[in-house]
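The values are calculated or read from the model by the stated rules, or taken from the named source; none is laboratory data. Just so it is clear, the model here is predicted, and its values are computed rather than measured. With ligands, DNA and RNA removed, areas are computed over all heavy atoms of the protein, side chains included. Shrake-Rupley method; radii C 1.70, N 1.55, O 1.52, S 1.80 Å.
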Amino acid sequence: MAKRSLYQRLRSTAQVRLALFILGMVMMIVSPIVGILPGPGFIILFPLGLMLCLQNSAWAKRIYVRFKWRHPRYAAWTDRVMRRASAARKRERAAMDAIKKAAFHGKTPENRRDGN
């Protein structure tokens, strides 16, 4: 059996998950203020805060899923920034669909077996 990391062991208690959720919220609230300053502060703080919130709160996950349904373009960007596994699977699936579509449309009617 694989040994759990320190972060996973700490997250097993409700108090630590709550503290991480609050830290994530604080990071997201502070990020626009830091964004005014020169440097990439907003770009670093906001995704990290969002990750902490999504990892430690079922409520935040539900809101995020609702956001993804309403705004798929922005949700794809945030998934990519947060390096979520679901975003990687979705990009791979879209690439495979594009390859299949190009292969199907690239054939001329004379070369297709079905004659359509």
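Here ILE36 passes the criteria (1) open to solvent by less than 70 Å² (accessible area, probe 1.4 Å); (2) at pLDDT 85 or above except the one numbered (1). The single condition from (1) farther than 29 Å from LYS90 by Cα; (2) of a type outside the set (D, E, K, R); (3) assigned to a helix (DSSP H, G or I) that LEU48 fails is (1).
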